[in-house]
1. List the aspartates and glutamates whose Cα sits under 17 Å from the Cα of Lys205, skipping any in the same chain fewer than 8 residues away.
2. In the neighborhood of Ile276, defined by Cβ-to-Cβ distances under 14 Å, what is the net charge if each Lys or Arg adds +1 and each Asp or Glu adds -1?
3. At 0.36 nm per residue, minus the direct Cα-Cα distance, what do Arg103 and Ser54 gain on full extension? Give it in nm, one decimal, please.
4. Are any of the pairs Lys57/Lys94; Lys133/Lys270; Lys238/Lys270 more than 25 Å apart by Cα-Cα distance, and if so, which?
5. In angstroms, what radius of gyration and Dmax does segment 30-127 have, counting Cα atoms only?
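Read-outs: derived from the displayed coordinates by stated rules, not from any lab. Since we're looking at a predicted model, the values are computed, not measured. Quick reminder, even Gly has a Cβ in these numbers, built from the backbone with ideal geometry, and neighbours come from all protein chains shown.
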Amino acid sequence: MVNSFLATIGKAIRSVNPEEVRGMADREIHIGLMASTEASLNEMWFWLAPVEISETKRQILAAMVHPLGPQLPDMPPPPARLDIQIWEAGLRNKPADAFTYYRNNPQQTVDDILAKHDEFGIALSRHYLPFRKTVSNKIISAVCNENVMFSVTTSLPNIVPSVLALPFAVGEFASDTAFLTMNQLRMAFLLAGAHDHPIGYRQQKAQVASVIAGAFGWRAIARELVSKIPFSGGVIGKAGISYAGTWVVGHSLERLYKVGGNLTGSERKKMYDEGIQRGKLIAQKFLETVRSARVKK
């Protein structure tokens, strides 16, 4: 059993390449800012580069954020190609692909940009603080959802993907432990990148060890559930556990990268209970969709 488990973990580790995440995170995202006055331009700049960041980080951002107007003395012209333009609300002649800065609701600006440029998410979060919380939530939710889908499809193999297109190749992972561990390791790298932390197995030794330590416990509990509860009841419970375990890991990593601390025991319990309910609900909806598709056939 130990050898089998170690082989499973080895497969998970070989399946995740931190270099890919590092490449996404290190990408420079050049942003152009258009405002009506210098005061408004400064407001937008300090939104992207708030006072709490270091002077070193501020200098890095100064090379990626480019005023488009009003023109300031000794300011070099912006590059020929910008990744994103953000304009103050109410300005005329705003390009169709430019985004609006909403002074009273800057989160709407964040949401609009990420909705159109999801591929920039990790890099935007790494460089620009206003994007960090939203990108972190997206990472954690996406990985949790994938783990629920995998748990369901491997428990009820007769529903596998002829009905729904899934975000992974089920056949590549004979073990749900391998898949869930692989996905949690990927999440650890993505969250490190999103929080401007070093990315990699060596750089994140403690976090990688924590993910691996939790893998065996998840497998034992999930198998017990499926074996003792008939049909989809056990499947839904297993899916809830897969979501909850990943939910706690994700938010624990987010707390670590954000403030350098861990969730308290009561916070972990609350997070786990919330994750169980979220996972069960997603699994139930997935099974209902599958059953509905079968009836239509």
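1. Excluding near neighbours in sequence, the set is Glu19, Asp196, Glu254.
2. On the way: positive: Lys238, Arg268, Lys269, Lys270, Arg278, Lys280; negative: Asp273, Glu274.
The answer is +4.
3. Values: separation 49, 0.36 × 49 = 17.64 nm, distance 2.39 nm.
That works out to 15.2 nm of additional length.
4. Details: Lys57/Lys94 29 Å; Lys133/Lys270 20 Å; Lys238/Lys270 18 Å.
Among Lys57/Lys94; Lys133/Lys270; Lys238/Lys270, the Cα-Cα distance tops 25 Å for Lys57/Lys94.
5. Rg, Dmax (Cα atoms, Å): 12.9, 35.
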